[in-house]
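Undergrad: I have a structure here, written as structure tokens, and I will follow up with some questions on it.
Rule-based calculations on the coordinates, nothing more; no lab input. Keep in mind it's a predicted model, so treat the numbers as computed, not measured. FYI the Cβ positions are ideal-geometry reconstructions off the backbone, even for glycines, and counts take in every protein chain you see.
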Amino acid sequence: MSQAELTMDEHSTSPMVGTAFSIPSKKLAMWLFIIADTMTFAACLVVYGFLRNGTANWPRPFHSITNVAIMTFILLTSSLTMLIGVRSARLGDKASAFRWTMVTAVLGIVFALLHIREWQGLIAEGMTLFKNPWGTGLFGASFFSITGLHLTHVVSGIIALLVVGVRYKGGRYNADDVEILGLYWHFVDLVWMFVVPLVYLLNLSH
Amino acid sequence: MTTAVQHKSDGIGKDLVIYVCLLALAGFQFLIAYQNLDSTQMLVRMLAVGCVEASLAVMFFMHLWSERRAFLVFVVVFTVAVLLGMQFGWTDSTRMVVGAPYSNVK
Amino acid sequence: MHDMSAPVAHQHAPPTSFIRKYVFSLDHKVIGKQYYGLALLAAYVGMGLSWLMRFHLAWNSTAIPGLQFLSASGAPGGVMTPEYYLQLMTMHGTIMVFFVLTTAPFAAFGNYFLPIQVGAEDMPFPRFNMMSFWVTFTAFLVLMSSFFVGDGPTLGGWTQYAPLNAIGSVGGPGQGTGVVLWAVSIALFCVGQLLGALNFISTTLDLRVKGMSMMRLPLSAWSWFITSCIGLTAFAVLMPACILVILDHVAGTSFFVASGLVMNDQVLPHSGGSTLLWQHLFWFFGHPEVYIAIVPSMGIVSHILLANQRKPMLSQRVLIYSMGALAVLSYMVYGHHMFVSGMNPFSSLVFSFPTLVITIPSTIIVLIWTFSLYGSKLRINSASLFSLGFISMFVSGGVSGFFLAQPSIDIMLHATYFVVGHFHLVMGVAAMFGIFAGTYFWFPKITGRMMSEPLGKLHFWLSFVGAYCIFMPFHYLGMAGNVRRYSTFVDDFLQPLIPVHKFITIAAFVTGAAQLIFLYNLFYSRFKGAPAPDNPWEATSLEWSTATPPPFDNFGGKHPIVYHDPYQYGVKSSVGDYVMQTSPEQVETEFEEK
């Protein structure tokens, strides 16, 4: 939205008071969704912590941090590319915004593929939702639930990036929509910042 | 109204700085993982770093810092209050191991 | 310009086809009516279940004709087994709490009147709104289907305590498929309410018409706003909890089953989980849910009382703050449901304190109502009578909360009828009275016809006296040691209490029958009632300034402008003792809440 449109909102042409926080309703709704989703992830992490606390010999099976470090790097970088895309959309540079949205989606896909490969490795080692070779079955249950929930968010995000990117290029969506999707993508990144230390790093074998 | 204008006028430089900070903090978490600490100490440090990371991401990547202050307060207070409400149950978690909920046994 | 200040709502034109108009409608008013219909259906199903249970409690060996056709194994020959009693009890609780007390005062009235009260054409996300209803409706169908699948619905109670909720069929009838259906239903319900909460909050914050500052919102709009803030976070916690229960069933995990549990002489294969974990998660949702049920009724009742007492509230601002305080505190007190769960006794102490503190805003609210009523010439009609009834039920049920908030007393009373009486009065019946009050008050606006007042008053007195006859004796039963969740009372010490149970059962039948008067009144007035004027109660808020029933875009293409605080009663103006919010007229004794 341009400066002129914004000031119009504060003067009397509109029949409404104007939005409470001077952001579009869609953006407010995305923030509200993020608050709700924070609670969903927090509940899952509380479940994990609660069970981990209550288990005498919690397995610590991870040997290498290479994979998770690469994944973290990729996801953080995808947040940066998303920011560039949002900025381009704000400045009206459609081609650039589309390009960077697609770069973000590709980084997301790489992240998801690395994640799935990691899952496959763990499954090959005998880890399932209810048992694993290292100790209590709760380890697999909580690992797969939390990372699975996160992966679901990543995959939904990739689909949304592709859809919004294409439709933004085609003119059906505008810069606001790109920015709002950006919020979601950064949130997925933010959750990962807690999943990594709690689910991976605390379970590193020494 | 200033928010949208600020988004434009701030260069990409600030984003890059935040990005590098986030990478450094994430790296810091990995370093903590290799310290010779017990789980509790490690958890506390990692969570502290994670919270710093999260605030950077929320404030600058998600631009909460440049929204209206009222909105910032709404989101932060709302989220933190509910998250704090979720922390009541911890003393019950250890009882499966030690049989008593209020024991200090690790 | 995109939807910065958003009269975007009705970019969709009025629908013409039957399906778009009445079934998959995007209109918040139709969705509100759909929610009301769902709640109505659910309420009568829930009431029917309570009749079956009450009958069995009083005459436990007498057959209920036809019950065997509902479940051949659960009620052989028409006499229900203890397990089937528990299954009916679970369904009664689940249906009432989720599909009546949450949907009717919050989703139904809120959908219909929140946009109108803020002056909007519709909610900002009509598609989410439509999805919200249909997801909720699907949730109801899934829940009801458990009556007819496998060995019937789950028997775990509406709280679905672990480990019973996670161990599968070995736990009894309905603990296999029944629990999974229950968890799927509730997870869907959570999604529906999350979508609703998004819409409610953004409607209140973003779609207010010019002049409508937050402090000029009617109290009912405030209560829906506060409730949706609670719902947004509470349902987001219950949803993953339900998914984990489903995983325990279908994927072999054991989040909620401890190691080495022996059930029916079998050692269960699950190991390692925690039963208390479920209770923490559930009640973290469950206590806020109590306020999701009661706060909208508080707002509705305040709204109605103001229109009938013809004078302002003692302090509207304090009333709003108190409702907000209830919302905040509701996240800090949930452990008082768990005093007997084996929770850390120190936590009990910690939870007991905010539980006692939460009585302060509740008391403030009640005192504001009472003192505002003092000295008013209250107009007596069905709506105001039910509002008074609400206050009465809320106080009577709330007072026992002071006792139950203390672990030392609660431990003795928790598993008895005392608690059953407490929550039925304070949350169940009170919220139902709020729903009835809202129905009598808003029915003319929704349908364009008045409800029958004599029938309404008859309905009120029968319900009011009946509800006390049913639920007051529950407290005495509880103090006499009558355990809850038993289907038959065979112990010696319970025998003297059987006459009390018979009395309650008869009262329940009479009170239940009185609800048929309401149903008759509802449908008769819908088609044959006297035509309603636009503002039959001489009320001030925006819903009364538009046509009856409101047109598709609520205000007929115009945008109202708000000049006054919501409740300008007891002033002198050209129309009488009130000034509409939309009237530009200035009056001298204007009551302003600054």
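Undergrad: Taking a quarter of the surface of the convex hull around the Cα atoms of chain C, what do you get in nm²?
TA: Mean projected area of the Cα convex hull: 27.6 nm².
Undergrad: Which one of C:Gly119, C:Val429, C:Ile498 is farthest out on the positive end of the charge dipole of the protein assembly as shown, using unit charges on Cβ (Lys, Arg +1; Asp, Glu -1) and the Cα centre as origin?
TA: Checked the options; the winner is C:Gly119.
Undergrad: While we're looking at this one, here's another question. Let a ≥ b ≥ c be the square roots of the eigenvalues of the Cα gyration tensor of the stretch A:6-101; is it rounded (a/c under 1.5), or, if not, prolate (a/b larger than b/c) or oblate?
TA: Taking the square roots of the gyration eigenvalues as a ≥ b ≥ c, the stretch A:6-101 is oblate.
Undergrad: Within the stretch C:516-544, what residues put their amide N at less than 19 Å from the label point 7 Å along the Cα-to-Cβ vector of C:Phe18?
TA: Nothing falls inside the zone, counting backbone N under 19 Å.
Undergrad: Continuing with the same structure: Provide a whole-number value for the mean count of partner chain Cβ atoms within 10 Å of the Cβ atoms in peptide C:239-246.
TA: 4
Undergrad: Quick one: what are the phi-derived ³J(HN,Hα) couplings along the stretch C:324-337, Karplus 6.51/-1.76/1.60 with θ = phi - 60°, whole Hz, x for glycine and proline?
TA: Along the stretch C:324-337, the couplings run x, 5, 4, 4, 5, 5, 4, 7, 10, 10, 4, x, 6, 7 Hz.
Undergrad: Rounded to the nearest 500, what is the 222 nm mean residue ellipticity of the protein assembly as shown from helices alone, with -39500 (n - 2.57) per DSSP H run of 4+ residues and division by all residues?
TA: The per-residue figure over the protein assembly as shown is -20500 deg cm²/dmol.
Undergrad: Could you bin all the Cα-Cα distances of the stretch C:435-557 into 10 Å bins starting at 0 and give me the percent of pairs in each, rounded to whole numbers?
TA: All Cα pairs considered, the percentages come to 12, 30, 21, 16, 13, 7, 1, 0.
Undergrad: Roughly what angle does helix A:94-124 make with the longest principal axis of chain A, taking Cα atoms, 0 to 90 degrees, to the nearest 10?
TA: Orientation of helix A:94-124: about 10 degrees from the principal axis.
Undergrad: Something else: Explain nothing, just compute: Karplus ³J(HN,Hα) = 6.51 cos²θ - 1.76 cosθ + 1.60, θ = phi - 60°, for every residue of the stretch C:177-192 in order, whole Hz, x for Gly and Pro.
TA: Values, residue by residue: 4, x, 5, 4, 4, 4, 5, 4, 4, 6, 4, 4, 4, 4, 4, x Hz.
Undergrad: What number results when the radius of gyration of the stretch B:1-67, computed over Cα atoms, is divided by 2.2 N^0.38 Å?
TA: Its radius of gyration relative to the 2.2 N^0.38 Å reference: 1.41.
Undergrad: How big is the convex hull of the Cα atoms of the stretch C:154-291, per residue, in Å³?
TA: 95
Undergrad: Can you pull the Rg over Rh of the stretch C:64-210, Cα-only, Kirkwood?
TA: Looking at the stretch C:64-210, the ratio lands at 1.12.
Undergrad: Neighbouring Cβ atoms within 10 Å as the yardstick, rank C:Met393, C:Met215, A:Met102, C:Met343 fewest first.
TA: Sorted ascending by nearby Cβ count, the order is C:Met215, A:Met102, C:Met343, C:Met393.
Undergrad: Once you have all Cα-Cα distances for the stretch C:335-447, histogram them in 5 Å bins from zero and send the whole-percent values.
TA: Whole-percent P(r) values from 0 Å outward: 2, 11, 17, 18, 16, 12, 9, 7, 5, 2, 0.
Undergrad: Here's another thing I want to ask about it. Just how large is the dipole of the stretch A:24-203 about the Cα centre, in debye to the nearest 20, putting +1 at every Lys and Arg Cβ and -1 at every Asp and Glu Cβ?
TA: Charge dipole, the stretch A:24-203, about its Cα centre: 280 debye, nearest 20.
Undergrad: Also: Nearest 10 degrees is fine. How inclined is helix C:28-58 to the longest principal axis of chain C, computing both from alpha carbons?
TA: In chain C, helix C:28-58 runs at an angle near 40 degrees to the longest axis.
Undergrad: Could I get the Rg over Rh figure for the protein assembly as shown? Both from C-alpha atoms, Rh via Kirkwood, rounded to two places.
TA: Answer for the protein assembly as shown: 0.97.
Undergrad: Also, quick follow-up: Over all alpha-carbon pairs in the stretch C:519-594, figure out the percentage whose distance exceeds 16 Å.
TA: Beyond 16 Å sits 57 percent of the P(r) for the stretch C:519-594.
Undergrad: If you don't mind, there's one more thing I want to ask. Do any of C:Lys457/C:Lys528; A:Lys27/C:Lys558; A:Lys26/C:Lys21 go past 21 Å between their Cα atoms, and which?
TA: The answer is A:Lys27/C:Lys558; A:Lys26/C:Lys21.
Undergrad: Can you tell me the convex hull volume per residue for the stretch C:163-222, based on C-alpha atoms, in Å³ to the nearest whole number?
TA: 103
Undergrad: Going by how many other Cβ atoms sit within 10 Å of their own, how do C:Lys445, A:Lys131 line up, fewest first?
TA: Least to most surrounded, the residues fall as A:Lys131, C:Lys445.
Undergrad: Quick one: what are the phi-derived ³J(HN,Hα) couplings along the stretch A:24-41, Karplus 6.51/-1.76/1.60 with θ = phi - 60°, whole Hz, x for glycine and proline?
TA: x, 4, 4, 5, 4, 4, 5, 4, 5, 4, 5, 4, 4, 5, 4, 5, 4, 5
Undergrad: Quick check: the angle from helix C:219-250's long axis to the longest principal axis of chain C, C-alpha only, nearest 10 degrees?
TA: With both axes taken from Cα atoms, the answer is about 30 degrees.
Undergrad: I've got another one for you. Using +1 at the C-beta of Lys and Arg and -1 at the C-beta of Asp and Glu, which of A:Pro24, A:Thr77, A:Ile180 has the Cα lying farthest in the positive direction of the dipole of chain A?
TA: Farthest along the dipole direction, towards plus: A:Thr77.
Undergrad: Further question: Between C:Phe509 and A:Thr128, how high is the FRET efficiency from 1/(1 + (r/R0)^6) when r is the Cβ-Cβ distance and R₀ = 60 Å? Nearest 0.05.
TA: 0.65
Undergrad: Tell me the Kirkwood hydrodynamic radius of the stretch C:262-393 in angstroms, computed as one over the mean inverse distance between distinct C-alpha pairs.
TA: For the stretch C:262-393, inverting the mean 1/r across all distinct Cα pairs yields 17.3 Å.
Undergrad: Here's another thing I want to ask about it. Which FRET efficiency, nearest 0.05, do C:Asp534 and C:Val357 yield, Cβ-Cβ r, R0 45 Å?
TA: 0.55
Undergrad: Moving on to the next point. When the dipole is taken about the Cα centre of the protein assembly as shown, and only Lys, Arg (+1) and Asp, Glu (-1) are charged at their Cβ, what size is it in debye, to the nearest 20?
TA: 600
Undergrad: Under a crude label model (7 Å from the Cα following the beta-carbon direction), how far is A:His63 from A:Gln120 in nanometres?
TA: In this crude label model, A:His63 to A:Gln120 measures out at 1.9 nm.
Undergrad: Find, to one decimal place in angstroms, the Kirkwood hydrodynamic radius of chain A, where the mean of 1/r is taken over every pair of different Cα atoms and then inverted.
TA: It is 18.9 Å.
Undergrad: Sticking with this structure for a sec: Please find the FRET efficiency linking A:Phe73 to C:Leu519, where r is the Cβ-Cβ separation and R0 is fixed at 45 Å, and quote it to the nearest 0.05.
TA: 0.10
Undergrad: Let me ask something additional. Placing +1 on the Cβ of each Lys and Arg and -1 on the Cβ of each Asp and Glu in the stretch C:4-135, which of C:Phe128, C:Ser25, C:Phe55 has its Cα farthest towards the positive end of the resulting dipole?
TA: Among C:Phe128, C:Ser25, C:Phe55, the one farthest towards the positive end of the dipole of the stretch C:4-135 is C:Ser25.
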